[in-house]
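These notes are about the structure you will find just below.
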Amino acid sequence: MSGKRLSLLSALIAMLVLAGNAAHAETPSFRVLVFSKTTGFRHDSIPDGVAAIQKLGREHGFAVDATEDATRFTDQNLARYRTVVFVSTTGDPLDQPEEKAAFQRYIEHGGGFAGVHAAADSGYTWPWYRDLVGAYFRSHPAQQNATVDLVGQGAPSNRGLPRHWTRFDEWYNYQTNPRDAGVRVLMTLDEHSYDPGPDAMGDHPISWCHRYDGGRAWYTGMGHTKESYTDPLFVRHLLGGIEMSAGVTRFPCDPGGA
């Protein structure tokens, strides 16, 4: 074969390899549904949260669909997703029995749930959802700096974060201690580092995870502020939680796990 033909053949092979690699790179490794419907207080950081998760998807190779349409909670549609992320949902965003039932079946069949901030301020008439999240919101003091202590060694949502992490946010107090729901606590608040108000919890979890009713659940109480979603440390925390709930990374979430 002539040198010219060899050069053309080599160029063709290189183009085919590059095309194959590009096609492979464009194939998402998994799909996430981001849900941000509210029927109560609406956080102005919701668009920032949705945009941050979409950016994480582009950077880390997973697909993101965002919606506030509760009618998309059907068996057929939910089966497309490895996890569903509730971004500061409030009130009763799944207000139809068939929507609730479909989401419950999704979790029972091994689906994932990641709750962000006001996801705990939802579903007050739905005990199953309370137990999925781990606790309901009770109150919060003024937004302020506080120190978060990382206690969940080995959890991907803690990876690369300071052991004692001081940040500004709106710090939730919860109606019950999520430990009572059998979660593994990943982060706690140092109540000596800020003013928690009259509903101080003492032992104050702020991020946790657990296996629940056949599926995986992860929650963070952080994420009230718009600035959270451009904070590299918080975004890293959020990415780890999404991947944990999707079951694509370690899920060390038994109550006494390490």
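Computed from backbone phi, the HN-Hα couplings of the stretch 115-124 come to x, 10, 6, 6, 4, 7, 9, 9, x, 5 Hz, rounded to whole numbers (Karplus: 6.51 cos²θ - 1.76 cosθ + 1.60, θ = phi - 60°; Gly and Pro given as x). Carbon-plus-sulfur accessible fraction, the chain (probe radius 1.4 Å, protein heavy atoms only): 53%. The stretch 62-178 has equivalent-ellipsoid semi-axes of 28, 18, 13 Å, by the square roots of 5 times the alpha carbon gyration tensor eigenvalues, sorted largest first.
Using a Förster radius of 25 Å, what is the FRET efficiency between residue 153 and residue 51 based on their Cβ-Cβ separation? Nearest 0.05, please. The partial results should precede the final answer.
Values: r = 31 Å, r/R0 = 1.24.
For R0 = 25 Å, the calculated efficiency reads 0.20.
Across 212, 219, the residue with the most accessible area heads the list, and the full order at a 1.4 Å probe is 212, 219. Labels on offer are (i) 7, 31, 37, 21, 4, 0; (ii) 6, 27, 32, 22, 8, 3, 1, 0, 0; (iii) 7, 31, 34, 15, 5, 4, 3, 1, 0, and the one holding P(r) over Cα pairs in 10 Å bins from 0, in percent computed from this structure is (iii). Using R₀ = 22 Å, calculate the FRET efficiency as 1/(1 + (r/R₀)^6) where r is the Cβ-Cβ separation of residue 71 and residue 108; round to 0.05. Efficiency, rounded to the nearest 0.05: 0.60. Membrane-span-like helices in the chain, defined purely by DSSP H runs whose alpha carbon atoms cover 24 Å or more axially and whose average Kyte-Doolittle hydropathy reaches -1.0, are 3-26. Distance between the 7 Å Cα→Cβ label points at residue 99 and residue 179: 3.5 nm. For a quick check, take a GNM of the chain with Cα springs below 10 Å and name the residue from 149, 69, 121 with the largest mean-square fluctuation. It is 69. Give me the distance in nm between label points sitting 7 Å out from Cα along the Cα-to-Cβ direction at residue 144 and residue 79, one decimal. About 5.1 nm separates the two model spin labels. With only Cα atoms counted, the stretch 146-240 has Rg and Dmax values of 12.9, 38 Å. Considering helices alone, the calculated mean residue ellipticity of the chain at 222 nm is -9500 deg cm²/dmol, with DSSP H runs of length four and up weighted by -39500 (n - 2.57) and normalised per residue.
The values are calculated or read from the model by the stated rules, or taken from the named source; none is laboratory data. Because the structure is a prediction, the values reported are computed rather than measured. For neighbour counting, all protein chains shown are included, and Cβ atoms are generated from backbone atoms with ideal geometry for every residue, glycine included. What goes into the accessible areas is simple: the full protein's heavy atoms, side chains included, and nothing from ligands, DNA or RNA. Shrake-Rupley method; radii C 1.70, N 1.55, O 1.52, S 1.80 Å.
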